[in-house]
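The values are calculated or read from the model by the stated rules, or taken from the named source; none is laboratory data. These numbers come from a predicted model, not from an experiment. Heads up, the Cβs are rebuilt from the backbone with ideal geometry, glycines too, and the neighbour counts pull from every protein chain shown. Note: accessible area is taken over every heavy atom of the protein model, side chains too, but ligands, DNA and RNA are not part of it. Shrake-Rupley method; radii C 1.70, N 1.55, O 1.52, S 1.80 Å.
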Amino acid sequence: MRRSEENNGGKMADVVNVGVNLDAFSHAISGIQALRSSVTRVFESLKDGMKNRETLEGREKEFLAEFQDNLQAVNRDLNELERLSGLVGRPSESHPLHNSGLLSLDPVQDKTPLYSQLLQAYKWSNKLQYHAGLASSLLNQQSLKRSANQIGASAKRRPKVQPSTLVLPPQYVDDVISRIGRMFPDMSIELFRPNGTSAVLLVTLGKVLKAIVVMRSLFIDRTVVRGYNENVYNEDGKLDIWTKSQYQVFQKVTDHATTALLHYQLPQMPDVVVRSFMTWLRSYSKLFQASCQRCGHFLQDGLPPTWRDFRTLEAFHDTCRM
């Protein structure tokens with residue numbers, strides 16, 4: 001008798017120490033599953049609707065009866081779950097989660113919410129550590145050459161290595177430009193070398209416009225677009241690479257071409273950049289014939305659609321592309 005009392009006392013001590021009725025906790029989990037099943041049946045009955053019957057009145061009666069039974073089942077399972085949740089109990093606070101758990105025992109949580117703030121700071125610290133790890137892995141994949149650690153005596157002694165793409169031979173540049181010219185037979189490309197090895201292209205697009213493309217090796221440095229009938233030469237017979245067009249429409253196209261130069265950037269493959277830019281410039285062959293893809297009008301403030309999408313090459317007015 002005494003041993004049984006001792007055993008029962010030990011079990012009761014375990015229950016008191018733990019503070020949770022494990023049997024009720026197991027039944028509560030089963031109650032949650034039953035509640036989810038009954039709620040699923042409610043939505044399934046709503047999804048199926050009124051089944052086929054001989055008369056409309058019969059379908060309505062059967063649907064209402066089935067829907068009412070399902071709602072009663074949900075109410076019954078919910079009441080059972082509430083009853084079990086009261087039997088589960090709460091974990092004993094005699095063993096808080098390390099020393100920080102003592103903050104949760106403060107009776108004035110509204111005035112000193114230290115424990116909730118501590119949990120929020122802990123979650124924020126975990127997220128910060130996670131995102132910092134992701135950023136570190138991405139930066140390591142990029143294999144960046146520049147860092148703050150290289151600024152010093154060792155960096156000063158290291159000779160500067162010029163990228164090989166900046167010193168491409170003129171024959172290679174001429175070959176790339178000739179291939180692009182064969183790709184677009186409706187676009188005339190003339191190559192000039194007024195100052196040594198740097199190339200200047202005079203691109204004539206039908207009878208619409210002329211573009212002067214200043215290149216540095218195989219990199220496009222700047223572009224000036226003028227009308228087809230405008231003069232592109234100076235008094236000494238050289239290409240005028242500075243004067244803007246006297247027409248506002250071609251000034252707009254020049255601004256968009258400068259934006260396109262910033263968009264098409266691929267230093268590892270400059271020939272692809274030149275080909276992509278020429279493809280984009282070729283989309284202006286119907287500058288005065290294409291309508292805006294957004295508003296459908298040909299003119300807006302007296303100007304045709306001067307913007308061309310970098311991906312689809314569709315025409316937009318400067319205000320309609322936003």
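Remind me, what semi-axes does the stretch 170-285 give for its equivalent ellipsoid, largest first in whole Å, using sqrt of 5 times each Cα gyration tensor eigenvalue? Equivalent ellipsoid semi-axes, largest first: 20, 17, 14 Å. Between L118 and N21, the modelled labels are 3.1 nm apart [label points 7 Å from Cα along Cα→Cβ].
The HN-Hα couplings worked out from phi for the stretch 274-290 by the Karplus form 6.51 cos²θ - 1.76 cosθ + 1.60 (θ = phi - 60°) are 5, 5, 5, 5, 5, 5, 5, 5, 5, 5, 8, 5, 10, 4, 9, 10, 8 Hz, whole numbers, x standing for Gly and Pro.
Name all residues of the stretch 166-203 having a backbone nitrogen under 20 Å from the label point set 7 Å from the Cα of Q268 along its Cα→Cβ direction, giving them as ranges. Only 166-168 fall inside the zone, counting backbone N under 20 Å. Sequence-ordered 3J(HN,Hα) estimates for the stretch 35-44 from the Karplus curve with 6.51, -1.76 and 1.60 and θ = phi - 60° stand at 5, 5, 5, 5, 5, 4, 5, 4, 5, 5 Hz, glycine and proline given as x.
Number of Lys pairs in the stretch 184-322 with C-alpha atoms less than 14 angstrom apart, excluding same-chain neighbours closer than eight positions?
Close lysine pairs under the 14 Å cut-off: 5.
Give me the percent relative contact order of the stretch 170-285, please, defined on Cα pairs under 8 angstrom at least 6 residues apart. Write out the running numbers ahead of the final one.
Working: 162 pairs, mean separation 21.6, N = 116.
Computed over the stretch 170-285, the figure is 19 percent.
Ligands, DNA and RNA excluded, the heavy atoms of M269 present near 90 Å² of accessible surface to a 1.4 Å solvent probe.
Less than 5 angstrom separates the built amide H of L239 from those of N234, all sequence-distant by 5 or more or on a different chain.
Write down the accessible area per residue of the stretch 170-285 in Å², having rolled a 1.4 Å probe over the full set of protein chains.
Working: 6020 Å² over 116 residues.
Counting only protein heavy atoms, the per-residue value for the stretch 170-285 is 52 Å².
I220 contributes an accessible area of around 40 Å² to the protein surface, as traced by a 1.4 Å probe with all chains present.
Over the stretch 170-285, what percent of the accessible surface lies on carbon and sulfur atoms, probe 1.4 Å? Result for the stretch 170-285: 50 percent of the exposed heavy-atom area is carbon or sulfur. Residues of the stretch 200-221 with an amide N closer than 15 Å to a point placed 7 Å from the Cα of Q289 along the Cα-to-Cβ direction: 205-209.
Phi angles of the stretch 242-247 translate, via the Karplus equation with coefficients 6.51, -1.76, 1.60 and θ = phi - 60°, into HN-Hα couplings of 10, 5, 7, 6, 7, 9 Hz per residue; Gly and Pro are given as x.
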